[in-house]
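Chemist: Please see the structure below; I have some questions.
Where a number appears in this text, it was derived from the coordinates with a stated rule and is not lab data. Being a predicted model, the structure only gives us computed values, none of them experimental. Glycine gets a Cβ as well: all are built from the backbone with ideal geometry, and neighbour counts include every protein chain shown.
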Amino acid sequence: MTRMANSSLGGRRMDDGQGRPGRRGAIGAVAGLGVAIVLAVSGCTDGDPLVTQPGPGAGGTASVAPTGTGVPTAAATTPATGGAATGTGAAWGGAGTGGVGASTTGGFHPVGDPVTVAVELDAPWAIATLPDGTVLVDERDTGVVKEIRSDGSAGAIGTVPGVAAAGEGGLLGLAAYVDTAGVIGGTAAGGTGAAGGTAPTYLYAYLTTASDNRVVRMPLEGSPGAFSLGAASDVLTGIPKASNHNGGRILFGSDGMLYITAGDANQSANAQNVESLSGKILRVTPTGAIPADNPFAGSPVYSLGHRNPQGMAWSSDGTMYAAEFGQNTWDELNVITPGANYGWPGVEGLGDGGPGGTLNGFTNPIVQWTTDEASPSGLTMIGGTLFLAGLGGERLWSISPSGDTPVLNSTLVTNYYQGSLGRIRDVAVTADGTGLLLVTNNTDGRGSPQAGDDRLVRVALSPGAS
């Protein structure tokens, strides 16, 4: 890790990264090794077998409530019952960054050029999906949630109330939750609750209001092609807000809990203060209650020492990963464990103890990038490969923590589509597991929008880490 002499004063970059005019050319894969790999780079081969096993309903796909009683463990290796369905509600495969995607083993890499699915989105921020493959995308500044239909049209299904967009704040993360176990109760999506028929589905949203950042829950009503949002209920309030460093990603983990990334809200010292919700990854139940097995009793804080994390993903064994903006030197990919301290503001990037190691109370990243290579936001995982959306880096990063095979103790890091799409805000695995969905972010005031921006695009996946 780079030690920061005075990380709370001056020299702070804008986390979303500045656009780079003139860099976008014809769309095509540009693959190369990351220059800031912290672990050894393995060789790569094609043709890894596709072996399915139970996978978590996490990372963008609608989470399905676990069955049974009791509070799941923080490091649960048994996924939520049901997972994401493999439906293909959209002709291009739908989306889902848990479920099918996370339940496949072996490495994957993108092939071919991106294919446009939807256009003219206004500063989109997150992709959320339903079990039937329906895709929802939100817009940061308008507060509108849109359903992407099979013909590529994007229809508004509602506006999240209370959004006060400014700077990097606004309507940020989305996550869908299917209440099969009656954890929340009530009706949504035409259902009558777990005890009376179709399980209700809820859409969760992270938003900046006039006074704070918060997470709300809304029943999703109607049916595919005609969804609408019901009244919003608060899930977690009081997360500090600022013009930037708002975090904002929300996802249901493989344990059925809701995970929330909260930035330091430009008050870097609070990242080390367990009493503050800023500079943290938070963990609550679907109703907003504090899980009994959280590392700090009575607190939603799950990990601390973060600057501005915006990406989360889980492997099929429950390992949690998170991506985070550095200040001026290193962006990070971390393995998240309950109660761990990731060093901000005292340290940035890799330091003593080796990749992923913990020394002097601070846990190291497993991969780091210079800040102009990544500016990382959305993160997803399929099989043994993580995919990371780069804003300032204007590329898609592929990270295979175990190289091409699970037995190799190495990390393979590759990038694709550099400069061809512009800024990439989020990434999700298609519901059928055959591709990725990417949403660009060129209309947010920092990019160089072209005709049709912003857009949702699909890229195909092929077995093999490279």
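Chemist: Order of V284, V216 from fewest to most other C-beta atoms within 10 Å?
Modeler: Final ranking by Cβ density, sparse to dense: V284, V216.
Chemist: Exposure proxy check: E324, E221, E168, E275 ranked by fewest other beta carbons within 10 Å? Intermediate values should be presented prior to the final figure.
Modeler: Values: E324 29, E221 19, E168 26, E275 8.
Listing E324, E221, E168, E275 from fewest to most nearby Cβ atoms yields E275, E221, E168, E324.
Chemist: Starting from the amide H of A181, placed 1.01 Å from N in the peptide plane, find each other amide H under 5 Å away whose residue is 5 or more places distant or on another chain.
Modeler: Result for A181 returns A65.
Chemist: What FRET efficiency comes out for T159 versus E120 if R0 is 30 angstrom and r is the Cβ-Cβ distance? Round to the nearest 0.05.
Modeler: 0.95
Chemist: Hey, another quick one. When S398, S228 are ordered from fewest to most other Cβ atoms inside 10 Å of their Cβ, what list results? Intermediate values should be presented prior to the final figure.
Modeler: Numbers: S398 23, S228 16.
Ranking S398, S228 by Cβ neighbours within 10 Å, fewest first, gives S228, S398.
Chemist: May I pose another question? Quick one: which residues, 5+ away or cross-chain, put their amide H under 5 Å from the amide H of V367? H built at 1.01 Å from N.
Modeler: Hits under the 5 Å cutoff: L333.
Chemist: May I ask for the net charge around P338, where only other residues with Cβ less than 15 Å from the Cβ of P338 are counted and Lys, Arg are +1 while Asp, Glu are -1?
Modeler: Neighbour charge sum, excluding P338 itself: 0.
Chemist: Which one of V367, G346, I336 has its Cα pushed farthest toward the positive end of the charge dipole of the stretch 261-369, where Lys and Arg give +1 and Asp and Glu give -1 at the Cβ?
Modeler: I336
Chemist: For the peptides 123-130, 106-113, 287-294, 446-453, what is the packing order when you average, over each peptide's residues, the other Cβ atoms within 10 Å and list the highest mean first?
Modeler: Details: 123-130: 27.8, 106-113: 19.9, 287-294: 15.5, 446-453: 17.0.
Averaged packing, sorted descending, gives the order 123-130, 106-113, 446-453, 287-294.
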